[in-house]
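Step one of this worksheet: look at the structure below.
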Amino acid sequence: MRADVAPTELTAGPARPSAGLQARAWLARRAEAVAIPVGAAVTGFVVFGIFLALMGKSPVQLVEIVWRGGFGSAFALGNTLQRAAPLLFAALCVALPARLGLVVIGGEGAIVLGGLAAAAAAPSLAALPAPLAIVVMACASALVGAIWIGAVGWLQAYRGVNATIASLLLSYIAIALANHLIEGPLRDPASLNKPATLPVGDALMLGPMPGLGVHWGLGCGVIACLAAYLLMDRTTVGFAARIAGGNVRAAQIQGLPVGRLIVGFTALGGAFAALAGFFEVVAVQGTANGTLAAGYGYTGILVAFLARQNPIAIVPVAFLLGGIEASGGLIQRRMQLPDATVLVLEGLLFLVVLMSETLYGRFKLFSPHLWAARGETARGTA
């Protein structure tokens, strides 16, 4: 042992970061999860504004109309919240399986089947008390959605079928099956020009939430997001799912039931998506018809990716996308643009968000490990 070196210097480990550095590192990691999606959304709007300018339209007018149509008045805000409600459930159908590394994009089919299940069950529940009948209808919708999307997880876990492809194809099958049943065996004879099922009846319709004028799907959607957050981030089941999503082989070596986790989380996501259809029937339309396939399942994919599959972040993102969709008609009338303009904007946003995935971990500002390396370099040269 060298005489000029104290024994404690030889046995001492690396210096522990100070409390201030730890706090800044924690904030940096959280800030990255917010800054990059927000930057991607702003970039998408800028690119779309350039596209409008090339067409001779005013990007400033677009922003003004989106604000006025989605957030500028009590009526617009109510319309936005009503459109955001199904997006909360549809986004959870994407976000929950994503924690296991799966990209499930078939929520639209689960929404349609969930609404159809609620409408089909309503006539046989007329003798029950209304609250009990509504709960049974919700359970029927959730069960159908869980089976449908859970089948995607089963195919992935036990047959090696890609979940993205399987969910998309099953969505088309679900919509076709629903159309067949609505126009055939379940059709109300009184629905002539617009095929629909029998009405669920006024007794089984849900009224608005007190003080908001928006149906209860919004409140239940927020609660569902909170419950999903607790499940994923505060339970051992959620921790096991994150482990399986990070490294399936390592999870299997540790004895985690990867197959059951995949089936369970896809089924739970399908149940949430089906509840979006349930609320569309019992709180908005009163019957199941072709308008159940309104594209909420596809918009939910964008919501989930913008929120980085974080159930808490899904709430504000769904509110934003709901406002954009609520302003679609006003954009069409005031700017003389096609009704698919909002779809083009959403598609562009989705593309930019996917491209922004490559930016995570590349900025020193958001990378605490680079701070530590820089600090060690500074100490070494001192």
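The values are calculated or read from the model by the stated rules, or taken from the named source; none is laboratory data. Since the structure is predicted, the reported quantities are computational estimates derived from the model, not experimental observations. Cβ: placed from backbone, ideal geometry, glycine included. Neighbour counts: every protein chain shown. These accessible areas exclude ligands, DNA and RNA; they are computed on the full protein's heavy atoms, side chains included. Shrake-Rupley method; radii C 1.70, N 1.55, O 1.52, S 1.80 Å.
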Q.
Any residue at all in the stretch 226-233 that's within 17 Å of Gly269 (Cβ to Cβ), in contact with a Phe, Trp or Tyr (Cβ under 7 Å, 6 or more places away or on another chain) and part of a helix (DSSP H, G or I)?
A. no
Among Leu88, Leu52, the single one that is open to solvent by less than 10 Å² (accessible area, probe 1.4 Å), touching a Ser or Thr at 6+ places or on another chain (Cβ under 8 Å) and part of a helix (DSSP H, G or I) is Leu52
In the set Val66, Val94, Val103, Val34, the lone residue that is open to solvent by less than 10 Å² (accessible area, probe 1.4 Å), of a type in the set (Val, Ile, Thr), within 30 Å of Thr358 (Cβ to Cβ) and within 25 Å of the chain's Cα centre (by Cα) is Val94
Exception for Gly264 within (1) within 19 Å of Val315 (Cα to Cα); (2) modelled with pLDDT of 95 or more falls at (1)
task = Would you check if there is a residue in the stretch 200-218 being over 30 Å from Ser124 (Cβ atoms) and aromatic (Phe, Trp, Tyr)?
result = no
Turns out the helices (runs of 4 or more DSSP H) fully within the stretch 247-337 with at least 3 residues that are crowded, with 20+ Cβ neighbours inside 10 Å and touching a helix residue (DSSP H, G or I) at 6+ places or on another chain (Cβ under 7 Å) are 258-279, 296-306, 311-326
Checked the stretch 108-139 for anything farther than 18 Å from Val284 by Cβ and either basic (Lys, Arg) or open to solvent by 10 Å² or more (accessible area, probe 1.4 Å) (or both); matches are Pro123, Ser124, Leu125, Ala126, Ala127, Leu128, Pro129, Pro131, Leu132, Val135, Val136, Cys139
Based on this model, can you work out whether Val144 counts as open to solvent by less than 30 Å² (accessible area, probe 1.4 Å), touching a residue at least 40 places away in the same chain (Cβ under 8 Å) and in a helix (DSSP H, G or I)? no
